């Protein structure tokens, strides 16, 4: 409960405090109004004989005042609740996004248990917001009515009446709380099914939508989503139905308790032990206590369990430390002001300086949860300010080696040294700073639904415009230079709004690019990062979606940029790596050959020569030229 309250208090302290105060006022009115109503009714017979008395006037004045306060508390409480719920939902979404993307390493992002936990929290995010409202509005109000009404009833009627009425309420509330925890436990254990259901939905709505329709896979995905949704919710619903049956039993017990108290009160009045005013004041209190419902503790308990899961994958103290840095001003006067605020929170530009020497010293690596190593005993030197290349068949470990170079993972054995400093000795801030020195283009390059100008300029750690629909065109001289070297000058010139064109068809004036065009945009982003100060250039299969002309331009541009960086190019195309002086062959997780193209071709049994000859023969067969 404290953890859940902490989520709301950190996200919306002002509205949360207002909700709590107003809910307490509403609770006081909740038992004062029926008490004063009963007293006013009980005084009616005496009015007929003595006329209006001061006591009656004061009772009516108190009743009207309580009604006004109750109405104001309800109206203001609803307003505070509306603000608070939105802020809490926003904070939960932000915290989930932060925990998946804030750290330089990929261990948490790719960890199955963390992924399962995050999916559980995402599926219950709505419940966290609603439970926050319940915790600070409904529950305080009901508790005040329960306590205040019980004390008042004991005073005006008899001491044992509130005990009889309150006991079933408290037992039912505890039953609801335990049921809520149990139901959340059942739901949380189905996290893997939730992941598969969400994946099936995303596939049907994502980039693969066209192929899914062409191959007639719609029903398959729907059935898969339905199967995993059923596996998630059916046990949850069974547990909820069982809890509902027991809840009905406690409701019947409460009805019996009310019947006992009312019957006794009427009998006591008939025998003269109670006056009419006492009975008239007691009956509305009995009704008020009967209407107390603490079953919402089930919702709060379920949400509290989800909050504990959220705390496991995203510690609140860690998030609090960075939330101020990533927050934006919701009262920005214009979109330009908002963009300016966002720009202040972006990563700093690459630091520049001299290109570093990178050394892999007897490096081994196995992914978490896997016993088979991907890399074993890798010894590799990437000379400072020189171009190097890495080749190998699929599954040789090339992409894993790049992840280690970027400190996205740390070696399970050996060291990765940058100018003699072990990356494993850096804290998270130091690893993030190292990553800012790297200009990457990977096989899964970043495709942002922003303008093409922002897609390129973000390589520098800054934004270009940040606005989708704008007539404001910032300076683009640096973008033009990167575009020329990446071969996208004609592409930009052909767009309706040039650098301001959004790369998303769902946006006004937007468009989409082919795979090869996107890859060249990714290359331009990496080159822009180098211009801004990045001193390590990593190109992982940069020509995979390029035609021959674009590939030729890529090679020339790469060799030109490589002079100012420590660079590594990974490619299956030997025409891309052939001009590089330092070529390394990775085979089954080990570096087995190193040298220039001419040196590697001298070994008739070498892995490089075999792969090169095989590719050359296939090219000759396809083109009809001699190999």
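The values are calculated or read from the model by the stated rules, or taken from the named source; none is laboratory data. Since we're looking at a predicted model, the values are computed, not measured. No Cβ is skipped: glycine too gets one built from the backbone with ideal geometry, and neighbour counts run over all protein chains shown.
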| field | Condition met for residue 35 (at pLDDT 85 or above, buried (at least 20 other Cβ atoms within 10 Å of the Cβ) and over 30 Å from residue 9 (Cβ atoms)) | value | yes
| message | Quick check on residue 164: is it in a helix (DSSP H, G or I) and modelled with pLDDT under 85? | response | no
| message | With the condition being in contact with a strand residue (DSSP E or B) (Cβ under 7 Å, 6 or more places away or on another chain) and either without any contact (Cβ under 8 Å) to a residue 40 or more places away in the chain or under 24 Å from residue 366 (Cβ atoms) (or both), I'd like the helices (runs of 4 or more DSSP H) fully within the range 392-480 carrying at least 3 qualifying residues. | response | 398-405
| query | Since residue 430 meets every condition but one in (1) farther than 30 Å from residue 606 by Cβ; (2) more than 27 Å from the chain's Cα centre (by Cα), which condition does it not meet? | reply | (2)
| message | Checking residue 237 against (1) surrounded by 17 or more Cβ atoms within 10 Å (Cβ to Cβ); (2) free of Cβ contacts under 8 Å to residues at least 40 places away in the same chain, only one condition comes out false. Which one? | response | (1)
| field | Among (1) surrounded by 16 or more Cβ atoms within 10 Å (Cβ to Cβ); (2) over 29 Å from residue 570 (Cβ atoms) - the single one residue 473 does not satisfy | value | (1)
